[in-house]
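The values are calculated or read from the model by the stated rules, or taken from the named source; none is laboratory data. Since this is a predicted model, take the numbers as computed values, not measurements. Note: ideal-geometry Cβ built from the backbone for every residue, glycine included; neighbour counts use all protein chains shown. Quick note on the areas: whole protein, heavy atoms, side chains included, nothing else; ligands and nucleic acids left out. Shrake-Rupley method; radii C 1.70, N 1.55, O 1.52, S 1.80 Å.
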Amino acid sequence: MKTKTHLLCAALLCAFASAASAQSVRIANQGDALSMDPHSLNESLQLSVTGNVYEPLVGRAKDLSLAPSLATSWKQVSPTVWRFELRKNVQFHDGTPFTADDVLFSFQRAAGEGSDLKSNVNDIKEVRKVNDHTVDIETKAPFPILPNQLTTTYILSKKWCETNQATRPVDRRKGIENAASFRANGTGPFRLRERQPNVRTTFVRNGNYWGPIDGNIQEVIYTPIGNDATRVAALLSGEIDVMEPVPVQDIDRINASANARVLTGPELRTIFLGMDQKRDELLYSSVKGKNPFKDKRVRQAFYQAIDVDGIQKTVMRGASKPTALMIGPGVNGFDASMNKRLPYDPEAAKKLLAEAGYPNGFEVTMNCPNDRYVNDARICQTVSANLARIGVKINLAAETKGTYFPKILRRDTSFYLLGWTPSTYDAHDSLNALMACPDESGAGQFNLGAYCNPAQTKLTKAIQSETDKAKRDAMIKEAMKIHLDDIGHLPLHQQALAWGTSKKVELTQRADNYMPFKWISVKK
């Protein structure tokens, strides 16, 4: 195994050595951004990578507070209308001026067919051009956190998309590609130089960027390395400069090395399990003629059969925080008093299954990525073993996220694992995207098992427009309680961040796990 790892590292060394240059940084992740189209997948890794090339109207500072980006200011001019003043003298990478027309086009594109960002804009009624550098965004109801909602809705060039037949987003569910998959033309601090999917992507500093670039790097070489041992060995040998994530079992070894260190911190992402609660018969189960997940007793049995403390101890090596909620600390609306899990109790779980009519359990397929979240495949293996104790046979389908996401996003699943970081850092994001009854507007877009409680969805819509903080927090608590009582999903934990870096590299780690290249420096 060591010989194989060394050979892989040697191959990587040759590749990196030929590409690396002064003030370049070599970044490795366990997976790749699946597309350069910023509207094609609402996944934090993809949005982090493409967010170096494209920009939103409203961005985030190092402390995650809102910061001007392509909009210099914003204000409410009526309860349902926000006015955004756009930054002047900004150019796309091809030299085309940025104007209000690009904003109107991009919001229409994000709301359209194939977009994975519909839930970002589903509460917008209309985007209107006031002049070349001013737009009004009208919402369907008062929406006090609209600027927060827009931080990952990136702006594309209308002219470039029309010229390159990329007016519609790349639809990852259908495997549809277009020019935006492999090329890019944003306003961001880095340009896309070369794109080799699942091999290497190279970015270079944008010399015409409108704002300051705090870091000194001129080039970023981004490479997916799926094997944990190979990724760690590459960092320790100096073949790469930054890696993410660091396997929890390797943190101490890296910190003890001469040339590398690990940056750790809390992450806002919650890892959870979802179940198909809509179909009358599951697609992938031994149960025929009915759907066991429609019965709350079955969902509760699964919940109480999963040993999250065991997962925390043996799989995550302490680098996780078990949760009962679909949001964690640091997200507005999180209430610690509600964050109390049902007890781990396999015997009680067996009784619940028997009461529901499954005294001998049943068989079901579980979909899981093996290169997206920290120890994702091992989490799913442990859950499978836990459920086996109550008579449930899990057929584990673990696969690379490149095939996993298209499958589950088209709801071709019965039981799945997913992680979610609310881009607004507000509970409404998770309530709207993960827990609301799915509809054509984009609500419930990532509620892939179609859990639906109309009372909870009604509250979610009311939370969106409520401006009184005390009332809004009370409504969030009520909506979360409904979901808790229904056992709408099976929350597991919030994972911790662990980035490995060369001691020559300085960068900023944020709790949303985004890595802006403009804040990276390499010591000379």
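Quick notes on this one:
- Full extension of the chain between Ser65 and Arg279 yields a length gain of 72.9 nm, computed as 0.36 nm times the residue separation minus the alpha carbon distance.
- 14 Å cut-off, amide nitrogen to a point 7 angstrom out along Lys75 Cα→Cβ, residues in region 141-156: none
- Placing dummy labels 7 Å off each Cα toward the beta-carbon, the span from Lys294 to Ala388 is 3.1 nm.
- Over the chain, relative contact order from alpha-carbon pairs under 8 Å, at least 6 apart, %: 21
- If R0 is taken as 25 Å, the Cβ-Cβ distance between Lys503 and Leu396 corresponds to a FRET efficiency of 0.05.
- For region 121-209, average projected area of the Cα convex hull in nm²: 8.0
- Potential extension, Gln249-Thr96 segment - 0.36 nm per residue separation minus Cα distance: 50.3 nm
- By the Stokes-Einstein formula, at 0.890 mPa s and 25 °C, the chain with its Kirkwood radius over alpha-carbon pairs has D equal to 103 µm²/s.
- Ligands, DNA and RNA are left out, and with a 1.4 angstrom probe the accessible area of the chain is 38 Å² per residue.
- Evaluated at q = 0.23 Å⁻¹, the base-10 log of the normalised Debye intensity for region 59-109, with identical point scatterers placed on the Cα atoms, takes the values -1.04.
- DSSP H segments from the chain that extend 20 Å or more along their own axis, Cα-based, with Kyte-Doolittle mean of 1.0 or above: 2-19
- Distance between the 7 Å Cα→Cβ label points at Glu138 and Asp412: 4.1 nm.
- Alpha carbon centroid spacing (whole Å) that separates region 165-179 from region 483-523: 28
- Checking the Cα-Cα distances for Lys294/Lys393; Lys174/Lys407; Lys278/Lys458; Lys174/Lys461; Lys62/Lys118; Lys296/Lys481 against a 21 Å cut-off, the pairs over it are Lys174/Lys461; Lys62/Lys118.
- Heavy-atom accessible surface of region 260-327: percent carbon and sulfur, 1.4 Å: 47
- Whole-percent carbon and sulfur share, accessible surface of region 386-524, 1.4 Å: 54
- Expressed to the nearest 5 percent, the antiparallel share of DSSP beta bridges inside the chain is 75 percent.
- Of the accessible area of region 73-173, computed with a 1.4 Å probe over protein heavy atoms only, carbon and sulfur atoms account for 44 percent.
- When only alpha carbons of region 482-524 are considered, Rg and Dmax amount to 17.5, 56 Å.
- Projecting the Cα atoms of Leu34, Ala166, Gly488 onto the dipole axis of the chain, where Lys and Arg carry +1 and Asp and Glu carry -1 at the beta carbon, places Leu34 farthest toward the positive end.
- Computed packing ranks the peptides 67-77, 445-455 as 445-455, 67-77, most packed first, by mean other Cβ atoms within 10 Å.
- Relative contact order of region 147-247, taken over Cα pairs closer than 8 Å and 6 or more residues apart, is 15 percent.
- Charge tally for Asp439 (other residues, Cβ to Cβ under 15 Å; Lys, Arg +1; Asp, Glu -1): +4.
- Convex hull of region 309-468 built on C-alpha atoms - directionally averaged projected area, nm²: 10.9
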